[in-house]
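The values are calculated or read from the model by the stated rules, or taken from the named source; none is laboratory data. If you're wondering where the values come from, they're calculated on a predicted model, not measured in any experiment. Cβ: placed from backbone, ideal geometry, glycine included. Neighbour counts: every protein chain shown. Just so you know, the surface numbers come from the protein's heavy atoms only, side chains and all, with ligands and any DNA or RNA stripped out. Shrake-Rupley method; radii C 1.70, N 1.55, O 1.52, S 1.80 Å.
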Amino acid sequence: MLLTIKGLQKSFGELAVLKDIDLNIGKGKVVTIMGPSGSGKTTLLRCLNGLEIPGQGHFQFHDDFSLDFNQKLRKSEMLQLRRKSGMVFQSYNLFPHKTALENVIEGPVIVQKKDKQTATNEAERLLEKVGLQDKMDLFPHQLSGGQQQRVGIARALAIEPELMLFDEPTSALDPELIGEVLGVIKDLANEGWTMVVVTHEVSFAKHVSDHLIFMDGGYIVEQGDPKEVLEQPKEPRTKQFLNRIL
Ligand code: ADP
């Protein structure tokens, strides 16, 4: 397992959002998360990335790095967690006044203190990989949504994470642009990246992911082989949700 999560809980004030999450993420596996709005999917990803600090629970990474959220954590431990994963956001979250290339080198240069030339060479390679070799010097507003999201993917890859997290990466896109972003994510899956993808793209879940998790009300209510869960859901809440989106 790349990451074993046990007893993860997160509340915002009185509101319990993640109630008791146990989850194993195998190295090189693609895990899809589905579930109704408000079920805690984004919060789970943000906890994995250290953008939110869980109230309780335990993370165990394969390299023996572990975090026990029942105890007070050091800032250095949270930073270490942040560096393990790259996050791709629904709304891209690019710096509007930086070019595609500058967006991609920001993390390596500012956070990882990499030499600018090395970071630039690497960013060029990543932008080529996501099919943006001709767009490196353009600003986000000069790019389509699909292109902006591909910059977002290159930027997340640039910090050389062990785990890639995608929060509804195509839900802000016009239908004709969804394919180009899913295509890039699929290529990463084929390269063996470990990924957690929140998405309602059923075909992606079925054909690309290895494991599907269905969340509702802060719990994982059903999980398993994506085809099985999608075609023969056992839980009434999963059935109800799938009836709405299929
Ligand atoms: P999903 O991604 O499944 O739509 P979220 O994780 O975004 O669900 O949200 C789960 C619940 O947590 C929602 O009720 C949401 O309003 C609440 N929530 C999320 N983030 C915050 C926050 N920073 N402060 C307060 N409540 C939050």
What are the residues in the range 1-45 that are within 12 Å of the ligand (Cβ to nearest atom) and surrounded by fewer than 18 Cβ atoms within 10 Å (Cβ to Cβ), if any?
S11, F12, G13, E14, L15, A16, K19, P36, S37, G38
Looking at (1) among the polar types (S, T, N, Q); (2) out of contact with any Gly (no Cβ under 9 Å at 6 or more places or on another chain); (3) over 30 Å from K6 (Cα atoms), find the lone condition where Q90 falls short.
(3)
Are any of the residues in the range 61-70 at pLDDT 95 or above and under 30 Å from R237 (Cα atoms)?
yes
Tell me yes or no: at least one residue of the range 154-161 is more than 20 Å from N49 (Cα to Cα) and open to solvent by 20 Å² or more (accessible area, probe 1.4 Å).
no
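Restricting the range 58-83 to residues that are more than 21 Å from L18 (Cα to Cα) and outside any helix (DSSP H, G or I), which is most open to solvent (accessible area, probe 1.4 Å)?
Looking at residues that are more than 21 Å from L18 (Cα to Cα) and outside any helix (DSSP H, G or I), I get R74.
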Six or more apart or on different chains, Cβ under 6 Å: which pairs go from a residue in the range 34-56 that's assigned to a loop (DSSP other than H, G, I, E, B) to one that's acidic (D, E)? Could you list them?
G35/D216; S39/D216
Being over 23 Å from L45 (Cα atoms), aliphatic (A, V, I, L, M) and assigned to a loop (DSSP other than H, G, I, E, B), is that true of even one residue in the range 119-128?
no
Scan the range 229-236 and tell me whether some residue there is in a helix (DSSP H, G or I), under 19 Å from the mean Cα position of the chain (by Cα) and hydrophobic (A, V, I, L, M, F, W, C).
no
In the range 184-201, which residue that is part of a helix (DSSP H, G or I) and open to solvent by 30 Å² or more (accessible area, probe 1.4 Å) is nearest to E128 (Cα to Cα)?
D187
Within the range 92-118, work out how many residues are outside any loop (DSSP other than H, G, I, E, B), among the β-branched types (V, I, T) and in contact (Cβ under 8 Å) with a residue 24 or more places away in the chain.
3
